[in-house]
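Q: A single structure is presented below for examination.
The values are calculated or read from the model by the stated rules, or taken from the named source; none is laboratory data. Note that the coordinates shown come from a computational prediction; the quantities given were computed from them, not determined experimentally. Note that each Cβ is placed from the backbone with ideal geometry, even for glycine, and that neighbours are counted across all protein chains shown.
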Amino acid sequence: MRFTKPRHPLTGVSIPVSALRTAESCGTGEFADLLSLGKWCEGTGLDLIQILPVNDTGWNSSPYSALSAFALHPLYLRLTEVPGAGRFEAEIRAFRETAEADRRLSYRDTLAFKLSIVERAFAANKQEIKRDAAFLRWHAENPWVLPYTVFSAIKKERQSAPWSAWPAPLCDPTQADIAAWHDAHESECLLPAWTQYLLEGQLVDAARGLQEMGVALKGDIPILMSEESVDVWASRRYFDPASRAGAPPDMYSTEGQNWGFPVYDWERLGEDGYAWWRGRLAQAAKFFHAFRIDHVLGFFRIWAIPRGETSGLLGRFSPAVPISRSELAERGFDPGRIRWLAVPHIDGDGLSVALGTDARRASELYLDRIEGEDLYNLKPALDSEQAIHALAEPRELKGFLLSLHADRALLPAGHDLFLPSWYFESARSFHSLSDGEKIALRHLARGSRARSEEVWEKRGRELLSMMRDTTDMLVCAEDLGDVPDCVPRVLADLDILGLRIERWSRDYKCPGAPFIPPARYPRLSVCTPSVHDTSTLRGWWEENPDEREIFFSTLGAGGPCPPRLSRDLLQAVLEHSLGAGSLLCVLQLQELLDLDGELWSEDPREDRINVPGTVAATNWTWRMPLTVEQLMGRRQLVERIRTMVGRRRERTL
């Protein structure tokens, strides 16, 4: 799809496809429901619909754990449009009536039901499908289909067992192995291929229908792939098996985050002209006018965590320019001093303080004494968090071993190369240095970071240029976190929109860290008051009294700050957002529903899409409390939104 250059600032609504509810949906939102939402957008003056990733995630309900970078999720298939499914009309209607009575999505039940209907419809029409020229042509034109269907068929045969548990050669196949398996099991591979053919047709129809209405569709492309994906299984050369991606420690997580996703081997991808990424983007361009790059910082550098670690503590940015042994030597660090900084140590007194009477037993089992001194290292077999967690020991002892394991100032980064750990200045070894040595190591760490910035800028510019130039889609970036100085510069140079989440857009260099008014946001940005990983506006307002006081003062409203948002105050906050200088302002549907007194949610916490880092029944299960058709009938709300959005549409670019 081609993004048409707008004449006025755009306004959009964000909602997961699964959260849509129409008179035709069956247990979950479906691709066809986007057309109904598009008609509502026409009536309200909204220009764009933003959705979460829609790739196949199997039985995992998180849209960011895709089993394929190309395949769509069967959850979003409209069963009544599946050829041959008419014979199951009564069954579909009964399931729909039961499922649509639920306030939330029942993910596994809905997916299982849809797969069962498609499988039976396929079985009844298999011979016709085999002769369908359009289907066969589509299959031949999409090279990703063959490995995906083989992967899906084997996974089904092996009851969803991870591919690492499959027998050889299937656990590590060549392209010839995959093709041979397909030829020998063509019938089993045909079902997932046909399902994808139907899904793609329904999403293309929805996207084209939206385009005719003048409503753009914005997709979401996660940077990383699940280790259990067909892409890692079949294209392993593009991934680094030694590392897992995550995030460094911050104010929200002192141990950082380990997402468990393998990191890319960008050099190998580059040797192929980034064909895998270009293919992924071309597939997305069949449906989307714009797309959001999830975690764009990862295209500059990723927080790479050694395999075997469960937290993000001992990760390091990749790529990065390390400190060499010779540089350390020039600063006065001899081999013994370097080992002291790079290998965790503890003395006998510290061991006794930490473990008391258990110190001797623990030292004999898990530590190595250093050359007769009262000084100890962890045994090499325990040099990973995973190994320590596996010990059959009390929590206190494992906690001590984990803290010792993480207590290092330098991390190995190749032969005679080192990188400073995230908390290098908190390491026991750093505190034992002289003042001069501390200054020297800080200087080397700053130099490593400065040289790394140059590498990050070069890589980010190359990769994002490739992504921008591959399609005609508008490129938007989620640029949150520990943002290198080069990132905003590269995004601006490439005309890529950054992200401004209002509650986090503050001038931290000024006293009191005042909120930056949206009117001052740059044109190359997306403004939003909330996203799927945050609370809604009302939730944030009620949960953060100190922040709301500061924010309230930016609205220019008189009187004391109320502890809860009224509908009028909510409208004022949303109008504040709509005044953003950003090219695009996106509001979650939940915020707009709260403008209607009868749709006002009793507990805003129930309207949150996801709480990162948690496994909860409410994550990814929120659905609209009414159908889109009913929403269109609420004329006062439609006019209220239309008036708000209209003021933004009056501005010219």
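Q: List the residue pairs whose Cβ atoms are under 6 Å apart, where the first residue sits in segment 536-564 and is touching a residue at least 40 places away in the same chain (Cβ under 8 Å), the second is hydrophobic (A, V, I, L, M, F, W, C) and part of a loop (DSSP other than H, G, I, E, B), and the two are 6 or more positions apart or on different chains.
A: 538/565
Q: Looking only at segment 328-368, how many residues end up being of a type in the set (Asp, Glu), touching a residue at least 24 places away in the same chain (Cβ under 8 Å) and in contact with a strand residue (DSSP E or B) (Cβ under 9 Å, 6 or more places away or on another chain)?
A: Residues in segment 328-368 being of a type in the set (Asp, Glu), touching a residue at least 24 places away in the same chain (Cβ under 8 Å) and in contact with a strand residue (DSSP E or B) (Cβ under 9 Å, 6 or more places away or on another chain): 1 in total.
Q: Looking at 321, 353 in this structure, which one is in the same structural domain as residue 444 (by TED's automatic domain parsing), among the β-branched types (Val, Ile, Thr) and outside any helix (DSSP H, G or I)?
A: 321
Q: Whether any residue in segment 578-586 is over 25 Å from residue 44 (Cβ atoms) and touching a Leu at 6+ places or on another chain (Cβ under 8 Å) is what I want to check.
A: no
Q: Between 404, 411, which is among the aliphatic types (A, V, I, L, M), in contact (Cβ under 8 Å) with a residue 24 or more places away in the chain and closer than 17 Å to residue 319 by Cα?
A: 411
Q: Which numbered condition trips up residue 259, out of (1) part of a strand (DSSP E or B); (2) more than 23 Å from residue 384 (Cα to Cα); (3) of a type in the set (Phe, Trp, Tyr)?
A: That leaves (2) as the condition not met.
Q: Hey, residue 149 hits all of (1) surrounded by fewer than 19 Cβ atoms within 10 Å (Cβ to Cβ); (2) without any contact (Cβ under 8 Å) to a residue 60 or more places away in the chain but one; which does it fall short on?
A: Of (1) surrounded by fewer than 19 Cβ atoms within 10 Å (Cβ to Cβ); (2) without any contact (Cβ under 8 Å) to a residue 60 or more places away in the chain, only one is false for residue 149: (1).
Q: Looking at this structure, is residue 387 surrounded by 14 or more Cβ atoms within 10 Å (Cβ to Cβ), more than 29 Å from residue 447 (Cα to Cα) and small (Gly, Ala, Ser)?
A: yes
Q: What about residue 231, is it touching a residue at least 40 places away in the same chain (Cβ under 8 Å) and either at positive phi or surrounded by fewer than 19 Cβ atoms within 10 Å (Cβ to Cβ) (or both)?
A: no
Q: Answer yes or no as to whether residue 451 is under 24 Å from residue 301 (Cβ atoms) and either within 35 Å of the chain's Cα centre (by Cα) or not assigned by TED's automatic domain parsing to the domain that holds residue 324 (or both).
A: For residue 451, the condition - under 24 Å from residue 301 (Cβ atoms) and either within 35 Å of the chain's Cα centre (by Cα) or not assigned by TED's automatic domain parsing to the domain that holds residue 324 (or both) - is met.
Q: Residue 49 passes all but one of (1) free of Cβ contacts under 8 Å to residues at least 12 places away in the same chain; (2) aliphatic (A, V, I, L, M); (3) more than 24 Å from residue 152 (Cα to Cα); which number fails?
A: Residue 49 satisfies every listed condition except (1).
Q: Continuing with this model, one more query. Which members of segment 155-197 meet the condition of being more than 30 Å from residue 124 (Cβ to Cβ) and of a type in the set (S, T, N, Q)?
A: Those that are more than 30 Å from residue 124 (Cβ to Cβ) and of a type in the set (S, T, N, Q): 164, 174, 175.
Q: Now for a different question. Identify, please: which residue in segment 603-645 is assigned to a loop (DSSP other than H, G, I, E, B), surrounded by 15 or more Cβ atoms within 10 Å (Cβ to Cβ) and among the aliphatic types (A, V, I, L, M) and is, among those, farthest from the chain's Cα centre (by Cα)?
A: Checked segment 603-645; the qualifying residue farthest from the chain's Cα centre (by Cα) is 626.
Q: Something else now. May I ask you to list the residues in segment 531-583 that are in a helix (DSSP H, G or I) and among the small types (Gly, Ala, Ser)?
A: 539, 553, 572, 577
Q: In the set 119, 157, which member is in contact (Cβ under 8 Å) with a residue 40 or more places away in the chain, in contact with a helix residue (DSSP H, G or I) (Cβ under 8 Å, 6 or more places away or on another chain) and farther than 19 Å from residue 24 by Cβ?
A: Step by step, each of 119, 157 is checked, and only 119 is in contact (Cβ under 8 Å) with a residue 40 or more places away in the chain, in contact with a helix residue (DSSP H, G or I) (Cβ under 8 Å, 6 or more places away or on another chain) and farther than 19 Å from residue 24 by Cβ.
Q: Still on this structure: How about segment 7-27: which of its residues are among the aliphatic types (A, V, I, L, M), in a loop (DSSP other than H, G, I, E, B) and farther than 16 Å from residue 584 by Cα?
A: 20, 23, listed by residue number.
Let's see how each residue does on (1) closer than 23 Å to residue 206 by Cα; (2) out of contact with any helix residue (DSSP H, G or I) (no Cβ under 7 Å at 6 or more places or on another chain); (3) modelled with pLDDT of 95 or more; (4) among the β-branched types (Val, Ile, Thr):
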position: 66; (1), (2), (3), (4): yes, yes, yes, no
position: 71; (1), (2), (3), (4): yes, no, yes, no
position: 81; (1), (2), (3), (4): yes, no, yes, no
position: 90; (1), (2), (3), (4): no, yes, yes, no
position: 97; (1), (2), (3), (4): no, yes, yes, no
position: 105; (1), (2), (3), (4): yes, no, yes, no
position: 108; (1), (2), (3), (4): no, yes, yes, no
position: 111; (1), (2), (3), (4): yes, no, yes, no
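Q: Okay, moving on. Quick check on segment 198-205. Is at least one of its residues part of a helix (DSSP H, G or I), buried (at least 22 other Cβ atoms within 10 Å of the Cβ) and either acidic (Asp, Glu) or in contact with a Phe, Trp or Tyr (Cβ under 6 Å, 6 or more places away or on another chain) (or both)?
A: yes
Q: Hey, residue 65 hits all of (1) part of a loop (DSSP other than H, G, I, E, B); (2) among the hydroxyl-bearing types (Ser, Thr, Tyr); (3) farther than 20 Å from residue 196 by Cβ but one; which does it fall short on?
A: So the condition that residue 65 fails would be (3).
Q: Do you know which of the residues in segment 59-80 that are surrounded by fewer than 19 Cβ atoms within 10 Å (Cβ to Cβ) and either among the aromatic types (Phe, Trp, Tyr) or more than 31 Å from the chain's Cα centre (by Cα) (or both) is farthest from residue 160 (Cα to Cα)?
A: Residue satisfying both the conditions and the ranking: 80.
Q: Right, residue 648: crowded, with 18+ Cβ neighbours inside 10 Å and within 19 Å of residue 105 (Cβ to Cβ) or not?
A: Spelling it out, it is not the case that residue 648 is crowded, with 18+ Cβ neighbours inside 10 Å and within 19 Å of residue 105 (Cβ to Cβ).
Q: Applying the selection to segment 500-520, what residues are in contact (Cβ under 8 Å) with a residue 40 or more places away in the chain, closer than 20 Å to residue 14 by Cα and not basic (Lys, Arg)?
A: 502, 518
Q: Report whether or not residue 277 is modelled with pLDDT of 95 or more and within 30 Å of residue 422 (Cα to Cα).
A: no
Q: Another question about this same structure. Quick test for you: out of 356, 350, pick the one residue that is under 21 Å from residue 429 (Cα atoms), small (Gly, Ala, Ser) and surrounded by fewer than 18 Cβ atoms within 10 Å (Cβ to Cβ).
A: Being under 21 Å from residue 429 (Cα atoms), small (Gly, Ala, Ser) and surrounded by fewer than 18 Cβ atoms within 10 Å (Cβ to Cβ) holds for just one of 356, 350, which is 350.
Q: Filter segment 122-139 down to the residues that are free of Cβ contacts under 8 Å to residues at least 40 places away in the same chain and either surrounded by 14 or more Cβ atoms within 10 Å (Cβ to Cβ) or under 31 Å from the mean Cα position of the chain (by Cα) (or both) and list them by number.
A: 132, 136
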